[in-house]
Amino acid sequence: MNNLDFNRIPEHIAIIMDGNGRWALEQGKPRSFGHQAGVDAVRRITSECTRLGVKFLTLYTFSTENWNRPVDEIASLMSLVLSSLEDEIFMKNNVRFRVIGEIERLPKEVQEKLQETMDHTAGNTTMQMIVALSYSSRWEITRATRQIAQEVREGKVKVEDIDEEMMSKHMVTNFMPDPDLLIRTGAEVRVSNYLLWQIAYSELYFCDTYWPDFMEEDLHKAIQCYQSRQRRFGKTEAQVEDNNL
């Protein structure tokens, strides 16, 4: 951690928390055991992000495609969502909880608990933790396109006025900045339909560590790697250096 530049901590970190099931199976235990261990990792990393000064932490918890998993595993995951929201980590760390995704597809009791937690933490200000639940980026982009098309039909928007800013405002993430750093654990090297619009210029970091084993030191390594890169956003290296003078 001594190698971190605290003036360049990413404002927004997004994480694909992969490897829970494989972590459990390699230990001869059911996949549900891995998901429970994954919750412990969420608590650990959430606390560390608040300590480091991260302002937004977005966690890919359950994708739209995950509805295709075995029914018993989905039920276990939904139960885990309910129990994990009882955790006082939000109040202890002054974290505001938010959720993005097709919430209406979730069991009613889960929807109610999510809303209760969002209401309870609405006044917290140190960091916002956003859970992507029943979420996929293609769903989000399709949703935004339909909304804009409806506004065009109603005469509220002209076709020639549609631009990137308008699209961004119609995304479910319109309340937060795009991720500076995207981390994926679990040795897979893909983004799996996650924040595709938002990560256009995010720095990507992949590691072999399964999510339940992802420790504070692993987070520090990811941030250190992020800080070693030059973010150019289409400019030349010389232009970026001139702007930093």
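Here are some residues: T173, T145. Which one is of a type in the set (S, T, N, Q) and open to solvent by less than 20 Å² (accessible area, probe 1.4 Å)?
From the options T173, T145, the qualifying one is T173.
Which fully enclosed strands (runs of 3 or more DSSP E) of the stretch 98-210 have 2 or more residues being out of contact with any helix residue (DSSP H, G or I) (no Cβ under 7 Å at 6 or more places or on another chain) and in contact (Cβ under 8 Å) with a residue 40 or more places away in the chain?
127-135, 181-184
Can you tell me which residues in the stretch 85-97 are touching a residue at least 12 places away in the same chain (Cβ under 8 Å) and assigned to a loop (DSSP other than H, G, I, E, B)?
L85, D87, N93, N94
For the stretch 42-84, what are the residues that are part of a loop (DSSP other than H, G, I, E, B) and either at pLDDT 90 or above or buried (at least 18 other Cβ atoms within 10 Å of the Cβ) (or both)?
Matches in the stretch 42-84: G53, V54, K55.
Six or more apart or on different chains, Cβ under 9 Å: which pairs go from a residue in the stretch 16-27 that's surrounded by fewer than 21 Cβ atoms within 10 Å (Cβ to Cβ) to one that's at pLDDT 95 or above? Could you list them?
Short answer, once both residue conditions are applied: R22/G186; R22/A187; R22/Y210; E26/Y210.
Please work out if D119 is acidic (D, E) and over 21 Å from L59 (Cβ atoms).
Here the answer is no, as D119 does not meet what is asked.
Say we look at the stretch 85-137 and pick out the residues that are among the acidic types (D, E) and open to solvent by 50 Å² or more (accessible area, probe 1.4 Å); which of these is farthest from the chain's Cα centre (by Cα)?
E109
The values are calculated or read from the model by the stated rules, or taken from the named source; none is laboratory data. Keep in mind it's a predicted model, so treat the numbers as computed, not measured. So basically every Cβ, Gly included, is an ideal-geometry build from the backbone, and we count neighbours across all protein chains shown. The area values use the complete protein model at the heavy-atom level, side chains included, leaving out ligands, DNA and RNA. Shrake-Rupley method; radii C 1.70, N 1.55, O 1.52, S 1.80 Å.
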